[in-house]
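The values are calculated or read from the model by the stated rules, or taken from the named source; none is laboratory data. Just so it is clear, the model here is predicted, and its values are computed rather than measured. Every residue, glycine as well, gets a Cβ built from its backbone with ideal geometry; the counts of neighbours run over all protein chains shown.
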């Protein structure tokens, strides 16, 4: 199943990019820069990890990466997941529109336990 995930700083603030296909939490956590992004505790680390994740996502054949600079700074449509850095952690908005800290999401926790 194809999923879309947006990466943001703040709940409705800057859009950093979007991943297409397998961008559910377990899929993102399976990629090195994705794990770094999901566990970031400062915005600079998060931004850098997301930039790396966008590049790796396409280069390694996980799916498409949509960059703000190539899409007129507007995120495409609605996303299945939103990963947002807020205050001192990353939050995941799930398909049912509830939010959970990334490090508490069961799929992320499982991926982190296996690294």
Pairs where the first residue, in segment 79-100, is free of Cβ contacts under 8 Å to residues at least 24 places away in the same chain and the second is surrounded by fewer than 17 Cβ atoms within 10 Å (Cβ to Cβ) and not in a strand (DSSP E or B), C-beta under 7 Å, 6+ apart: 95/80; 100/94
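Yes or no, residue by residue, for (1) at pLDDT 95 or above; (2) more than 17 Å from residue 107 (Cα to Cα); (3) assigned to a loop (DSSP other than H, G, I, E, B):
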{"site": "28", "(1), (2), (3)": "yes, no, no"}
{"site": "34", "(1), (2), (3)": "yes, no, no"}
{"site": "46", "(1), (2), (3)": "yes, yes, no"}
{"site": "61", "(1), (2), (3)": "no, yes, yes"}
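If we keep just the residues of segment 79-113 that are within 13 Å of residue 8 (Cα to Cα) and assigned to a loop (DSSP other than H, G, I, E, B), which is nearest to the chain's Cα centre (by Cα)? It would help to see each step written out before you state the result.
Step one: of segment 79-113, the residues within 13 Å of residue 8 (Cα to Cα) are 79, 81-87, 89-93.
Those still in the list that are assigned to a loop (DSSP other than H, G, I, E, B) too: 79, 87.
On the way: 79: 11, 87: 16 Å.
Once the filter is applied, the top-ranked residue is 79.
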